[in-house]
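Let me begin by presenting the structure, written as structure tokens, before commenting on it.
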Amino acid sequence: MKLLSTTIILSSFLNCALAQSLRRSLMGQQYNYQVVGDPETSNIKRNKPVGYSITFTNHWTETNHPYNYPSKDPHWSDFVYASHSRNYEMWRDRRVASKGIENIAEEGVTKDLVSEINSEIKEETVLDQVMGAWIRKATEGATSSPKEDLCVDKSHPFVSGIGMLAPRCVKMLVAIYMGVCALAL
């Protein structure tokens with residue numbers, strides 16, 4: 001099996017980017033991401049799950065986000081990523097957040113969300129979940145990568161991720177959602 005697309009990129013409204021592979025222009029900046037097709041209706045044969053490495057790269061700095069940038073201890077919480085079916089939503093705008101999402105947004109604590117995801121794994125709406133370590137100092141180019149690849153398959157072609165931007169006075173939660181079409185020859 002030859003993987004044509006080895007890494008995915010996830011992007012938030014803060015222009016925070018993740019990974020390497022294909023190419024797409026987004027908001028005037030170049031990111032390595034291309035929509036390959038609807039992952040659920042693709043005619044590309046996928047017999048085995050595919051693993052993706054994820055790298056979150058910080059671009060949130062005082063230079064490019066000068067308004068209300070915190071002067072003390074800017075950092076990111078741990079990140080939680082999950083591959084899932086269309087029947088699971090980690091978080092959605094204008095909807096009531098789960099306890100796990102609320103705890104990440106308020107305190108940067110991931111324990112409850114990981115428990116919620118593990119319950120969804122038992123229900124088979126989530127295939128896999130991985131954790132990315134926190135970024136202690138939010139400097140340009142600082143990265144966070146899970147130690148394991150995130151497994152995606154035909155029934156679970158979507159990837160969601162979440163992390164909190166801190167200090168708490170910033171009150172921003174970065175939620176990432178993407179459909180992945182795993183290409184295999």
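Between the beta carbons of Y69 and N118, assuming R0 = 30 Å, the FRET efficiency works out to 0.25 to the nearest 0.05. Taking label positions 7 Å along the Cα-Cβ direction at both T57 and S98, the computed distance is 3.0 nm, reported to one decimal.
Among residues other than S98 with Cβ under 10 Å from its Cβ, the summed charge is -2 (Lys and Arg +1, Asp and Glu -1). Packing around the peptides 148-159, 105-116, taken as the average count of other Cβ atoms within 10 Å per residue, puts them in this order, highest first: 148-159, 105-116. Taking other Cβ atoms within 10 Å as a rough exposure proxy, T61, T143 sort from fewest to most as T143, T61.
Where a number appears in this text, it was derived from the coordinates with a stated rule and is not lab data. Keep in mind the model is a prediction, meaning the values are calculated, not measured. Every residue, glycine among them, receives a Cβ derived from its backbone with ideal geometry; neighbour counts consider all protein chains shown.
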